[in-house]
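**Student:** Below is one structure. I have some questions about it.
The values are calculated or read from the model by the stated rules, or taken from the named source; none is laboratory data. Everything numeric in this text was worked out from a predicted model, so none of it was measured. Here Cβ is always computed from backbone atoms with ideal geometry, including for glycine, and neighbour counts include all displayed protein chains. Remember, those area values only see protein heavy atoms, side chains included, never the ligands or the DNA or RNA. Shrake-Rupley method; radii C 1.70, N 1.55, O 1.52, S 1.80 Å.
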Amino acid sequence: MDKLSDSAKLFLEKNKTKKIVFTNGCFDILHIGHLLYLKEARELGDVLFLGLNSDNSVKRLEKGDDRPINNQNDRKFFLECLKFVDHVEIFDNDTPYELIKNVMPNILVKGGDWKPSDIVGSDIVLENGGEVKSLLFKEGYSTTTMIEKLQGKK
């Protein structure tokens, strides 16, 4: 089970009266699709809490032997530099289910390629009176596509 870091506990305590939006992902190589998505997610509430897949969990997702390209600490730093991301928490489980249970967000979001009913943790959020949304999906932008272009495969 993923435990919350002290900084996450402090963040949640400080923001307990605010509307918390939660999303998660690998965010291996940031691109315009990620940025538009994160901006839209942040606009739904007061703060955006982002669950970031650890390096080990990215490898278990079988995105390729060379993934992640950027290590978890670098990815975390990149995301923390974005003005619309308020907190980044690395999780090591295969899914962010335990993290969502600990955060208890008001709104849970994923990209438009996810149906709300398929979003991990939707049961937790809905049972607690929250919302689950599938947001903008910017067609043609993906980390895998970017890597293939760099490798001359596209």
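**Student:** Might you work out the accessible area of residue 80 for me, using a 1.4 Å probe with all protein chains in place, and round it to the nearest 10 Å²?
**Tutor:** Roughly 90 Å² of residue 80 is accessible to a 1.4 Å probe.
**Student:** If a paramagnetic tag sat 7 Å from the Cα of residue 56 along the Cα-Cβ line, which residues of the stretch 80-116 would have the backbone N under 12 Å from that point?
**Tutor:** Only 91-94 fall inside the zone, counting backbone N under 12 Å.
**Student:** What accessible area per residue, rounded to a whole number of Å², is obtained for the stretch 1-88 using a probe radius of 1.4 Å?
**Tutor:** For the stretch 1-88, the solvent-accessible area averages 53 Å² per residue.
**Student:** If you don't mind, another one. Taking the chain as the reference, fit the longest principal axis to its C-alpha atoms, fit the long axis of helix 32-42 to the helix C-alpha atoms, and give the angle between the two in degrees, 0 to 90, nearest 10.
**Tutor:** Value to nearest ten degrees: 0.
**Student:** At 7 Å along Cα-to-Cβ for each site, give me the label-to-label distance between residue 7 and residue 35 in nm.
**Tutor:** If labels sit at residue 7 and residue 35, their model points lie 2.3 nm apart.
**Student:** Rounded to whole Hz and in sequence order, give me ³J(HN,Hα) for the stretch 68-83 from the Karplus expression 6.51 cos²θ - 1.76 cosθ + 1.60, θ = phi - 60°, writing x for Gly and Pro.
**Tutor:** Values, residue by residue: x, 6, 9, 6, 4, 5, 5, 4, 4, 4, 3, 5, 5, 7, 7, 5 Hz.
**Student:** Could you tell me whether the stretch 34-105 comes out rounded, prolate or oblate from its Cα gyration tensor? Rule is a ≥ b ≥ c as square roots of the eigenvalues, rounded for a/c under 1.5, then prolate if a/b exceeds b/c, otherwise oblate.
**Tutor:** Oblate, because a/c is 1.5 or more while a/b does not exceed b/c.
**Student:** Running a GNM on the chain with Cα contacts under 10 Å, which residue among 111, 51, 64 ends up with the highest mean-square fluctuation?
**Tutor:** It is 64.
**Student:** If you don't mind, there's one more thing I want to ask. What are the principal axis extents of the Cα atoms in the chain, in Å, biggest first?
**Tutor:** Principal-axis extents of the Cα atoms in the chain, largest first: 49, 29, 28 Å.
**Student:** Please tell me the relative contact order of the chain in percent, rounded to the nearest whole number, where contacts are Cα pairs under 8 Å and at least six residues apart.
**Tutor:** Worked out over the chain, it gives 28 percent.
**Student:** For the stretch 93-107, take each phi angle, set θ = phi - 60°, evaluate the Karplus expression 6.51 cos²θ - 1.76 cosθ + 1.60, and give the result in whole Hz per residue in order, putting x for glycine and proline.
**Tutor:** Ordered by residue, 3J(HN,Hα) equals 5, 5, 10, x, 3, 5, 5, 4, 4, 6, 7, 6, x, 7, 9 Hz.
**Student:** How big is the charge dipole of the stretch 11-62 about its Cα centre, in debye rounded to the nearest 20, if each Lys and Arg gets +1 on its Cβ and each Asp and Glu gets -1 on its Cβ?
**Tutor:** 220 debye
**Student:** Which value in Å is the Kirkwood Rh of the stretch 1-73 over different Cα pairs?
**Tutor:** Final number for the Kirkwood radius of the stretch 1-73 is 13.9 Å.
**Student:** Tell me which residues come under 5 Å, amide H to amide H, from residue 121 once H is placed; ignore anything under 5 positions away on its chain.
**Tutor:** none
**Student:** At 7 Å along the Cα-to-beta-carbon direction for both residue 14 and residue 43, put a label point, then send me their distance in nm to one decimal.
**Tutor:** It works out to 2.6 nm between the two label points.
**Student:** Okay, moving on. For the chain, with a Gaussian network of springs between Cα atoms less than 10 Å apart, report the residue from 135, 52, 108 with the top mean-square fluctuation.
**Tutor:** Greatest mean-square fluctuation among the candidates belongs to 135.
**Student:** If you don't mind, there's one more thing I want to ask. List every residue whose amide H lies under 5 Å from the amide H of residue 24, counting only residues 5 or more places away in sequence or on a different chain, with H placed 1.01 Å from N in the peptide plane.
**Tutor:** Here 51 satisfy the definition.
**Student:** For the stretch 28-96, what does the relative contact order come out to in percent, with C-alpha contacts under 8 Å and a separation of six or more?
**Tutor:** Taking the mean separation of contacting Cα pairs over the length of the stretch 28-96, I get 44 percent.
**Student:** Going down the table (14/59; 83/153; 16/59; 18/59; 9/83; 3/153), which pairs top 31 Å between alpha carbons?
**Tutor:** Beyond 31 Å: 14/59; 83/153; 16/59; 18/59; 3/153.
**Student:** Another question, if that's okay. Test of understanding: in a Gaussian network model of the chain with alpha carbons linked when under 10 Å, which of 133, 59, 14 would top the mean-square fluctuation ranking?
**Tutor:** 14
**Student:** Per-residue ellipticity at 222 nm for the chain, helices alone: DSSP H runs ≥ 4 residues times -39500 (n - 2.57), over residue total, nearest 500 deg cm²/dmol?
**Tutor:** Here the helix-only value at 222 nm equals -9500 deg cm²/dmol.
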